[in-house]
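Q: After the structure tokens below, expect a handful of questions from me.
Only the coordinates and a few stated rules stand behind these numbers; no lab work does. Because the structure is a prediction, the values reported are computed rather than measured. FYI the Cβ positions are ideal-geometry reconstructions off the backbone, even for glycines, and counts take in every protein chain you see.
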């Protein structure tokens, strides 16, 4: 069965638009990537496998999956018949509002066995996509987040992965900022390392320990994120590719599919369709 991935964008739930994903994946495995927001989903059919915090984990039908912002992860089918899932991407601010003291919620692992929460998430996702009763959709969504945080969030201890060495977070942040600032013409690793007073091996090791992927892979998925903003604003895929530093539209398309599961054109069309439905309502 061919892969089917659909994006929907809704407004008036948080300060920025909220993206929803509906997907059935047969053979594709997502490349390692990170999200700026939380990724919260529910597996509705089959079994998904993902690499998260150095471990392979699995989610069957009804399993709730929570990926925290900035955590590198993969995803793909664990069995030949593939899997299907629904997901949404709320900002950290939206989830913090459900925590006493406005602390950022933390979760021990990405897969949560809570069938009633999974069903509530599925119904909230459906109400948001339908868009015919905004009050019901918003209420269902906030109830899901409230239950998720109350039942499963734990206090965050420290910052960054436990295996990251001293100063690794600072090094990784410096490298990411440098690559982001020089998006279209990134410097070689040797230059970045020299400017930090480190060897290339020290720089690469620190970055991988903290981010979970090498700098080139982080840069590619960061370019995808920047390209999404341009596509949202109406830029054609070819222009977006050039503006964020991809060699050409085909290069953008390869990474877009690896990270988001759809082509840039399909993503742009889905966002425009969502905007048109909102304007007509």
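Q: Within 10 Å, count the other beta carbons around each residue, average over each peptide in 47-55, 206-214, and list them highest first. The partial results should precede the final answer.
A: Working: 47-55: 16.6, 206-214: 20.9.
Packing order, densest peptide first, comes out as 206-214, 47-55.
Q: Moving to a separate point now. Taking the convex hull of the Cα atoms, report for the stretch 188-229 its projected area averaged over all directions, in nm².
A: Hull-based average projected area comes out at 3.2 nm².
Q: Using only Cα atoms, tell me the angle between helix 115-130 and the longest principal axis of the chain; keep it within 0 to 90° and round to the nearest 10.
A: 90
Q: Taking only the Cα atoms of the stretch 1-131, how large is their convex hull per residue, in Å³?
A: 108
Q: Can you work out the FRET efficiency for the pair residue 53 and residue 15, with r the C-beta to C-beta distance and R0 = 30 Å, to the nearest 0.05?
A: Result of the calculation: an efficiency of 0.55.
Q: While we're looking at this one, here's another question. Most exposed first by the Cβ proxy, i.e. fewest other Cβ within 10 Å, how do 11, 35 rank?
A: Final ranking by Cβ density, sparse to dense: 11, 35.
Q: Within the stretch 238-272, list the residues whose amide N lies under 15 Å from a label point set 7 Å along Cα→Cβ of residue 36.
A: Residues 244 qualify, since their backbone N sits under 15 Å from the label point.
Q: Can you give the Kirkwood hydrodynamic radius for the chain, in Å, rounded to one decimal and based on Cα pairs?
A: By the Kirkwood definition, the hydrodynamic radius is 19.8 Å.
Q: So how far apart, in nm, are the two label points at residue 205 and residue 97 if each is 7 Å from Cα heading toward Cβ?
A: If labels sit at residue 205 and residue 97, their model points lie 4.4 nm apart.
Q: Moving on. Could you quote the convex hull projected area for the stretch 168-275, Cα atoms only and averaged over all directions, in nm²?
A: The orientation-averaged projected area of the Cα hull of the stretch 168-275 comes to 6.8 nm².
Q: Rank-order 105-116, 76-87 by packing density, defined as the average count of other C-beta atoms within 10 Å over each peptide's residues, highest first. Walk me through the intermediate numbers first.
A: Working: 105-116: 15.8, 76-87: 17.7.
Descending packing order for the listed peptides: 76-87, 105-116.
Q: Can you work out the PRE-style zone for residue 108? Point 7 Å along Cα to Cβ, and I want the residues of the stretch 56-79 with backbone N under 15 Å.
A: 66
Q: Relative to the first principal axis of the alpha-carbon coordinates of the chain, what is the inclination of helix 134-152, with its axis defined by its Cα atoms, in degrees from 0 to 90 and to the nearest 10?
A: Helix 134-152 and the main axis of the chain meet at about 60 degrees.
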